[in-house]
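So the structure is just underneath, and the comments pick up after that.
The values are calculated or read from the model by the stated rules, or taken from the named source; none is laboratory data. Just so it is clear, the model here is predicted, and its values are computed rather than measured. Don't worry about glycine lacking a Cβ; one is built from the backbone with ideal geometry, like all the others, and counts go over all protein chains shown.
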């Protein structure tokens, strides 16, 4: 996902249009514009993704740094555990 770490790319990927989409929700990868954009950019292989989760007080609660598909799986597992 070359360049996805640029603030412009993050802002676009996390735009209202992507986040408000009915299919954009915890653990769903089918039909989610947000996930599909990340997946499409990362399907070239060798893609590293850094994801963080934070609490309401903005403290970092988890860090996932690995292959983008594995990082996403870890986030899904965390979401299932928390919900």
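For residue 22, indicate whether it is at pLDDT 75 or above and outside any helix (DSSP H, G or I). For residue 22, the condition - at pLDDT 75 or above and outside any helix (DSSP H, G or I) - is met. Within the stretch 37-52, if we keep just the residues that are surrounded by 15 or more Cβ atoms within 10 Å (Cβ to Cβ) and touching a strand residue (DSSP E or B) at 6+ places or on another chain (Cβ under 9 Å), the residue that is modelled with the lowest pLDDT turns out to be 42. For the stretch 25-38, name all the residues that are within 18 Å of residue 77 (Cβ to Cβ) and part of a loop (DSSP other than H, G, I, E, B). Result: 25, 26, 27, 28, 29, 30, 32.
Restricted to the stretch 62-83, and to residues there that are loosely packed, with under 14 Cβ neighbours inside 10 Å and in contact with a helix residue (DSSP H, G or I) (Cβ under 9 Å, 6 or more places away or on another chain), the residue that is farthest from residue 35 (Cα to Cα) is 62.
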